[in-house]
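To keep things clear, I will list the structure first and then write my remarks on it.
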Amino acid sequence: MCGTSCLLSLKPSFRTHLHSPRSTTCVFEIYHPNAILVLQAATHPPPSLKHPATMTSTKKTLRDFPKPTRQHIINCGYPSWYPKYRSVIGRARVVPLTPGFLDYLREDGIVLPDENLNPPTRDNDSGVFSSANDDDDEYEDPSYRFTDVHEAVKAAIADLGGNVYPKLNWSAPKDASFILGNTLKCATASDVYLLLKSSNFVTHDLEHAFDDTDDTPDENGRVLQNSDIQYALVLRKWVEVIPSVEFRCFVKDRKLVCFTQRDMNHYQFLEDGREEFTRLITEFFEKHMQTTFPDPNFVFDVYVPKTLMTAARVWLMDVNPYAPRTDPLLFSWTEILNIDPHVEGFEPEFRLIGRDDPEAYNFSSSQYSAHKLPKEVVDAGVAGPQSIAEFSTRWREIVEGLEGADLDDSSSSEDAEDDNEDAGDGSDGTADEKEVKADSGKKAIAGEKK
């Protein structure tokens with residue numbers, strides 16, 4: 001596996017990052033909201049770094065990684081930094097969420113509101129969008145519980161041109177894009193709700209925002225709780241983003257220490273424009289973020305589009321926690337932890353996927369594939385062959401049981417139909433007997449007429 005870089009999502013809220021930075025050094029890191037397991041086969045910095053002298057003298061591991069504070073997590077939420085960087089973000093609307101809407105997101109099942117607030121008769125063929133199984137139950141529009149939010153979402157979509165890109169405080173529902181044809185482009189409020197309710201990333205925002213954080217009381221002796229989070233729905237004007245010019249940047253002690261492309265494919269034009277991209281991103285950081293973000297350590301994503309008709313401009317896309325929960329992409333957190341940005345002559349490294357990397361051309365690879373499967377399937381796959389066999393056996397039993405129940409129901413229905421037909425005839429005779437009686441009756445009538 002050495003000499004490659006890849007990212008595999010094994011299960012919701014469980015990611016495996018396998019990183020081998022073009023050297024004999026291999027680092028295998030497993031990230032989990034509640035735990036960190038690090039297996040390393042290296043005692044020296046990878047030679048791919050441009051400035052090995054910038055590494056710290058004492059090798060650090062992820063066990064030395066300080067837990068982020070809960071206030072840092074709040075600071076990285078979109079509602080916290082959006083007002084400050086509005087000029088470099090692009091058009092967006094932030095809709096504060098009510099307890100009723102948050103309860104709706106947490107509920108099992110997916111019931112979508114009628115866009116005109118005029119509840120129709122429920123269509124049982126779309127049962128995936130309803131948690132009800134009784135055909136006699138009436139459709140209940142869930143938006144009646146959060147009317148203000150629903151109206152604000154519809155108004156924002158209209159104001160932003162009719163199509164938006166949704167996210168909560170920290171996460172966009174990228175893992176659920178398959179449910180809308182592999183896009184996050186939403187034209188209606190129902191599109192937005194469908195993505196949010198189908199996403200494990202959004203569920204993590206709601207239930208695990210403070211996992212693996214420092215719970216030391218603040219200066220007032222208070223520890224932030226989930227109930228202190230002011231959740232909001234972010235709706236950004238939809239634009240066709242070019243993935244090849246999205247970059248993730250890492251800031252340590254208010255110094256830009258490294259940055260990398262986000263799309264895991266090789267693009268020769270990135271290598272050709274390395275110096276220009278480095279200059280643009282560095283200038284953007286120094287002008288807009290170096291002294292303005294509340295924390296000295298953080299991660300931010302930028303978008304640097306450039307066409308023949310327009311000059312390149314840097315747009316801020318997101319701010320992420322400086323923590324192992326944030327994907328380091330072509331770097332590893334162990335590398336970043338060991339970079340010393342205070343040495344003389346320090347320059348940030350810009351890491352790209354090389355032409356000869358085996359993983360350099362993954363245009364057809366499917367992202368977030370684990371999130372398209374039931375959790376039980378993914379859990380069985382992680383646990384090993386025995387669990388897969390047990391799950392397969394159990395699944396077969398369930399399917400056979402359901403098929404048997406369907407056959408019983410079908411037989412009962414056929415018997416009931418036969419009984420109804422017999423009762424409707426008012427006769428116990430066979431079809432042949434009925435035809436004989438009918439012929440006799442016709443002959444009797446003909447005789448009377450004669």
Problem - Residue match in segment 211-231 (condition: among the basic types (Lys, Arg) and not in a helix (DSSP H, G or I)) - result: yes
Completion exercise
Going through segment 178-205 in order, the residues found to be farther than 20 Å from residue 107 by Cα and among the polar types (S, T, N, Q) are 182, 183, 188
Practice task
Being under 24 Å from residue 100 (Cα atoms) and touching a strand residue (DSSP E or B) at 6+ places or on another chain (Cβ under 7 Å) is the filter here, so list the residues in segment 185-229 that pass it.
Solution key: 186, 192, 195, 196
Exercise for the section: Determine, yes or no, whether residue 241 is surrounded by fewer than 18 Cβ atoms within 10 Å (Cβ to Cβ), of a type in the set (Val, Ile, Thr) and under 19 Å from the mean Cα position of the chain (by Cα). Expected result: yes
Exercise for the section: Within segment 291-336, track down each residue that is among the β-branched types (Val, Ile, Thr) and in contact (Cβ under 8 Å) with a residue 40 or more places away in the chain. Expected result: 292, 299, 302, 304, 314, 319, 334, 336
Practice task
State whether one or more residues within segment 160-168 are out of contact with any Cys (no Cβ under 9 Å at 6 or more places or on another chain) and within 30 Å of residue 64 (Cβ to Cβ).
Solution key: no
Fill in the blank from the handout: Scanning segment 294-327 for residues that are within 20 Å of residue 210 (Cβ to Cβ) and out of contact with any strand residue (DSSP E or B) (no Cβ under 6 Å at 6 or more places or on another chain) gives 294, 295, 321, 323, 325, 327
Problem - Filtered residue count, segment 72-113, keeping only those that are out of contact with any Ser or Thr (no Cβ under 7 Å at 6 or more places or on another chain) and under 30 Å from residue 304 (Cβ atoms) - result: 21
Exercise for the section: Please state which one of 46, 96 is at pLDDT 50 or above and either assigned by TED's automatic domain parsing to the domain that holds residue 187 or farther than 30 Å from residue 155 by Cβ (or both). Expected result: 96
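Here's the yes/no breakdown for (1) more than 22 Å from residue 299 (Cβ to Cβ); (2) touching a helix residue (DSSP H, G or I) at 6+ places or on another chain (Cβ under 8 Å); (3) of a type in the set (D, E, K, R); (4) surrounded by 18 or more Cβ atoms within 10 Å (Cβ to Cβ):
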{"residue": "173", "(1), (2), (3), (4)": "no, yes, no, yes"}
{"residue": "180", "(1), (2), (3), (4)": "yes, yes, no, no"}
{"residue": "187", "(1), (2), (3), (4)": "yes, yes, no, no"}
{"residue": "196", "(1), (2), (3), (4)": "yes, yes, no, yes"}
{"residue": "210", "(1), (2), (3), (4)": "no, yes, no, yes"}
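Suppose the filter is modelled with pLDDT of 90 or more, farther than 23 Å from residue 326 by Cβ and over 13 Å from the mean Cα position of the chain (by Cα); does residue 185 pass it?
Values: modelled with pLDDT of 90 or more: yes; farther than 23 Å from residue 326 by Cβ: yes; over 13 Å from the mean Cα position of the chain (by Cα): yes.
Taking the combined requirement at face value, the residue satisfies it.
The values are calculated or read from the model by the stated rules, or taken from the named source; none is laboratory data. Note that the structure is predicted; figures quoted are calculated from it, not measured. Neighbour counts are summed over all protein chains in view; Cβ atoms, including those assigned to glycine, are modelled from backbone coordinates with ideal geometry.
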